[in-house]
Amino acid sequence: MQADHLDLVKNLDLKGMNAQPVQFYPIPPFAIVYSESQQERYLASRANLITHETVLESLMKAIDPHQAVPL
């Protein structure tokens, strides 16, 4: 995602793993989307993968693909 498009997602209330808030860190021209880890390792479990997918889907719905694309 591009750093200059953060205004498109700043009002989203996204939760990552362990219900941690999703945060955005701009490194122009991109932005990193992350949540703070509460564990040292995460399993590739169905629940963890669904949480990850839900965050990505929410970002994709909030952003016009002609403006920015989550990678």
**Relative contact order [Cα under 8 Å, 6+ residues apart], the chain, whole percent** = 36
**Asked** Can you pull the accessible area of residue 17 for me, 1.4 Å probe, Å² to the nearest 10?
**Response** 40
**Request:** Any chance you could give the angle, 0 to 90 degrees and rounded to 10, that helix 46-62 forms with the longest Cα principal axis of the chain?
**Result:** 10
**Prompt:** Quick one, which of (i) 54, 18, 12; (ii) 33, 21, 20; (iii) 46, 26, 19 is the actual Cα extents along the principal axes in Å calculated for this model?
**Reply:** (ii)
**Fill in**
In the stretch 1-53, the GluC sites (Glu not before Pro) that sit in a DSSP loop and have at most 14 other Cβ atoms within 10 Å of their own Cβ are 36, 40
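How high is the FRET efficiency between residue 15 and residue 40 when r is their beta carbon distance and R₀ equals 25 Å, given to the nearest 0.05?
Numbers: r = 20 Å, r/R0 = 0.80.
With a Förster radius of 25 Å, E is 0.80.
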**Request:** DSSP loop (so not H, G, I, E, B), at most 11 other Cβ within 10 Å: list which trypsin sites (Lys or Arg not before Pro) in the stretch 1-69 pass both filters.
**Result:** 10, 41
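The values are calculated or read from the model by the stated rules, or taken from the named source; none is laboratory data. Everything quoted here is computed from the prediction, not taken from an experiment. Reconstructed Cβ throughout: ideal geometry from the backbone, glycine too, with neighbour counts over all protein chains shown. Areas reflect the complete protein model, heavy atoms only, side chains present, ligands, DNA and RNA absent. Shrake-Rupley method; radii C 1.70, N 1.55, O 1.52, S 1.80 Å.
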